[in-house]
Amino acid sequence: MEIKRVNPSFQDERGIIQDILINEPIEHITVITSIKDVTRGNHFHKKTIQWVYVHSGKLKSLTQKENENVVLRVLEPGDLLKTEALEKHSLKMLDESIFYVFTKGPRGGENYENDTYRLDKPLQDFSEKE
């Protein structure tokens, strides 16, 4: 997992330009709108790399690479999360949220579920009390 803050590339009196991804061959772009307390994901992809760009709201990201601990991060507008192939991931909406998913690999259109492998056990946030 990689998280970076997307800062303005250019700004003047007309507004701001932000380059979210630079020199990445993207095959699919998806806009997802979610209500508060919804969890999405709890899966991984064997071939697909994804970037999640938070437009509005606040999300809790849980990711886990093979043989590593779960990593928890809170994402806010302007944050860009990258998950690699084979990296388990889930997102919990802490607020109503809108985010964009940029995909490289078979994860869009008719192939949306072709490279999705659901987890038998959801990623666990050990900071939450049971």
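The values are calculated or read from the model by the stated rules, or taken from the named source; none is laboratory data. Only a predicted model underlies this, so the values are computations on that prediction, with no experimental measurement involved. Ideal geometry is used to build each Cβ from the backbone, glycine not excepted, and the neighbour counts take in all protein chains shown. For accessibility, only protein heavy atoms count, side chains too; no ligands or nucleic acids. Shrake-Rupley method; radii C 1.70, N 1.55, O 1.52, S 1.80 Å.
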Open item on the list: Can you pull out every residue in segment 19-30 that is touching a residue at least 60 places away in the same chain (Cβ under 8 Å) and polar (S, T, N, Q)?
Closed with: Thr30
Task: All strands (runs of 3 or more DSSP E) inside segment 1-84 with 2 or more residues being open to solvent by less than 40 Å² (accessible area, probe 1.4 Å) - done: 28-34, 39-44, 49-56, 59-64, 79-83
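Test Asp79 against the criterion of being under 26 Å from Asn7 (Cα atoms) and in contact with a Phe, Trp or Tyr (Cβ under 8 Å, 6 or more places away or on another chain), and give yes or no.
Numbers: under 26 Å from Asn7 (Cα atoms): yes; in contact with a Phe, Trp or Tyr (Cβ under 8 Å, 6 or more places away or on another chain): yes.
Taking the combined requirement at face value, the residue satisfies it.
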Open item on the list: Of everything in segment 44-62, what is among the hydroxyl-bearing types (Ser, Thr, Tyr) and modelled with pLDDT of 95 or more? Give them in sequence order.
Closed with: Tyr53, Ser56, Ser61
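Residues Lys82, Lys92, Lys88: which one is closer than 15 Å to Ile32 by Cα, in contact with a strand residue (DSSP E or B) (Cβ under 8 Å, 6 or more places away or on another chain) and at pLDDT 95 or above?
Values: Lys82 fails: closer than 15 Å to Ile32 by Cα; Lys88 fails: closer than 15 Å to Ile32 by Cα.
Result: Lys92 is the single residue among Lys82, Lys92, Lys88 that is closer than 15 Å to Ile32 by Cα, in contact with a strand residue (DSSP E or B) (Cβ under 8 Å, 6 or more places away or on another chain) and at pLDDT 95 or above.
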- [ ] Please enumerate the residues belonging to segment 93-123 that are farther than 12 Å from Thr30 by Cα and surrounded by 19 or more Cβ atoms within 10 Å (Cβ to Cβ).
- [x] Met93, Ser97, Pro106, Leu123
